[in-house]
1. With respect to Gln223, determine if the residue is at pLDDT 80 or above, surrounded by fewer than 17 Cβ atoms within 10 Å (Cβ to Cβ) and either closer than 23 Å to Val326 by Cα or among the β-branched types (Val, Ile, Thr) (or both).
2. Tally up the residues in segment 364-395 that are more than 27 Å from Gln223 (Cβ to Cβ) and either in a loop (DSSP other than H, G, I, E, B) or open to solvent by 50 Å² or more (accessible area, probe 1.4 Å) (or both), please.
3. If Ala312 satisfies every condition in (1) at pLDDT below 85; (2) surrounded by 14 or more Cβ atoms within 10 Å (Cβ to Cβ); (3) touching a Lys or Arg at 6+ places or on another chain (Cβ under 9 Å); (4) within 25 Å of Thr382 (Cβ to Cβ) but one, which is the exception?
4. Among the residues that make up segment 130-141, is at least one of them farther than 15 Å from Gln28 by Cβ, in a loop (DSSP other than H, G, I, E, B) and either modelled with pLDDT of 85 or more or open to solvent by 50 Å² or more (accessible area, probe 1.4 Å) (or both)?
5. Have a look at Leu65, Leu49 and point out the one that is under 15 Å from Ala19 (Cβ atoms) and either aliphatic (A, V, I, L, M) or modelled with pLDDT of 90 or more (or both).
6. Which of the helices (runs of 4 or more DSSP H) contained wholly in segment 1-116 include at least 3 residues that are on the phi > 0 side of the Ramachandran plot?
7. With the requirement that a residue be surrounded by 17 or more Cβ atoms within 10 Å (Cβ to Cβ) and not charged (D, E, K, R), what does segment 239-250 give you?
Amino acid sequence: MEDSWHQLQPKTGFLVRLADRLTDQSWQTLTQLYQPIIGPSAAGLYSALFWLPERASYKRHATILGLLGMDLAHFYQARLRLEATGLLVTTYKTRDELTSFTYELHAPLLPADFFKDDLLSVQLLGVVGEELYRTLVTQTTFKPLPANDERDITKNFLDVFHVDGQELSRLPAAITATRESLPTSSAAPAILPTQDEDFDFKLLGEILEHSFIDTQALRGQRQLLLTEHATYGLDEVTMARYVGEATDLATNQFNAEQFKRIIAQHFGQQHRGAPATTGTSTASTGQPASQASRVNSAEQALLQVASKTAPAVFLQAIKQKSGGYVTDGEQRIVRDLVSRQLFPESVLNLMIYHVLVDEDRPTLNKNLLDTIANDWSRSKITTPQLAIQKIRERQQAARKPRQSRSRQSTVKETLPDWAKKPVANEETATAKLTPEQQTQLQARIAKLKDRNAQGKEE
């Protein structure tokens, strides 16, 4: 169909569907944030379509035009603005040479999501100006804080109810069967697409669904969740509990920075004073050159531990063996290495072991780890076995004695060819002068001799 309002007729039929549930917050956002962009006509059209009596049954466009007091041209322009901002999806069908439209209304974005959208936020700023824009951001995303003498003791679902991850992984047939018949556009519990990874995002979504947390808010946090899972070895139930603690249940806003802080704090509290169980200090990667071609039993034990332990837990075990503790900075360093996805966790564990045990350093140093990581990345170290071999080569190179200065060959300085030629005598030099120049030279020499003689007499 040609994209023009001329294709519309007052007698053309339409019906209205709702894609989302609208709340008081939705109408406030429509008025404060969307209306400056789309204009009052488009906002009025959205409201009229929503409140239209028996909207699910077909009506003629003449009905909505009469309610709004506008013609088809202005109706079409208002419809385009709703479509452009994601508030309306328009479809049509033709049957028996009769065309009908379906107008599907979508709820406005939450204020925080609206301001994160580049197109919407830039357009609003251009309409209302910077001062009013900042005011709208403050007012619409304002989070009331408890008074100074109040403490927030609100519990989430996992704090009150016990959730067994094994039970959730084997849901009853009645639940799974009915979910298959649900619309595919349902937001819960599919937080993120599930791939061939050891972390089950579907299970996490199911747990969070029972916690009344908006899983849509986590759709852009896939990499963060994977990084924290890989760094600390968190299972789905534990991850859901931390997500709940970092989510404001009043606004369903997930705070990524608070999420990382909560995990780091819980990790420190859980492992403070706990006995080390991995036994990572019993292995040594340094071996004589004759044994460089095989992995001994100590290294084999180290490889097994490194392959089964999350980097933060592995680091904690090494620190506890030596009587130390994991600092906040070391947690950030390990998290950063994991997030880069340059190496498997087992290789990162051997890198940590090499720095703390082989190099006997008390803490992880970011610059040193970056240097090793660059070297290993360039050398294509992708398995813990290759990491062991790389560490051996480094240690063997360090054991080789450096050539001392006394054993180095001395450098003999030789004169250039022009300096080796003997100095020509006066006869050879004067032989190249003309007879007149030789006479002048002899006269000057005689005068110099007379002056020397007179000086001696005096």
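The values are calculated or read from the model by the stated rules, or taken from the named source; none is laboratory data. Predicted model only: the values in this text are computed from it and were never measured. Here the Cβ is made from the backbone with ideal geometry for all residues, glycine too, and neighbour counts use every protein chain on show. Surface areas here come from the heavy atoms of the whole protein model, side chains and all, with no ligands, DNA or RNA. Shrake-Rupley method; radii C 1.70, N 1.55, O 1.52, S 1.80 Å.
1. Numbers: at pLDDT 80 or above: yes; surrounded by fewer than 17 Cβ atoms within 10 Å (Cβ to Cβ): yes; either closer than 23 Å to Val326 by Cα or among the β-branched types (Val, Ile, Thr) (or both): no.
Against the criterion (at pLDDT 80 or above, surrounded by fewer than 17 Cβ atoms within 10 Å (Cβ to Cβ) and either closer than 23 Å to Val326 by Cα or among the β-branched types (Val, Ile, Thr) (or both)), Gln223 does not qualify.
2. The total comes to 4.
3. Looking at each condition in turn, Ala312 falls short on (1).
4. Step one: list which residues in segment 130-141 are farther than 15 Å from Gln28 by Cβ, which gives 130-134.
Then drop every residue that is not in a loop (DSSP other than H, G, I, E, B), which leaves none.
No: segment 130-141 contains no residue that is farther than 15 Å from Gln28 by Cβ, in a loop (DSSP other than H, G, I, E, B) and either modelled with pLDDT of 85 or more or open to solvent by 50 Å² or more (accessible area, probe 1.4 Å) (or both).
5. Numbers: Leu65 fails: under 15 Å from Ala19 (Cβ atoms).
Just a single option satisfies the conditions, and that option is Leu49.
6. In segment 1-116, no matching helices (runs of 4 or more DSSP H) lie anywhere.
7. Residues satisfying the conditions are Met239, Ala240, Tyr242, Val243, Gly244, Ala246, Thr247.
This table checks each residue for (1) part of a loop (DSSP other than H, G, I, E, B); (2) more than 19 Å from the chain's Cα centre (by Cα).
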{"residue": "Glu299", "(1), (2)": "no, yes"}
{"residue": "Val305", "(1), (2)": "no, yes"}
{"residue": "Val313", "(1), (2)": "no, yes"}
{"residue": "Lys321", "(1), (2)": "no, yes"}
{"residue": "Val334", "(1), (2)": "no, no"}
{"residue": "Val338", "(1), (2)": "no, no"}
{"residue": "Ser346", "(1), (2)": "no, yes"}
{"residue": "Val357", "(1), (2)": "no, yes"}
{"residue": "Pro362", "(1), (2)": "yes, yes"}
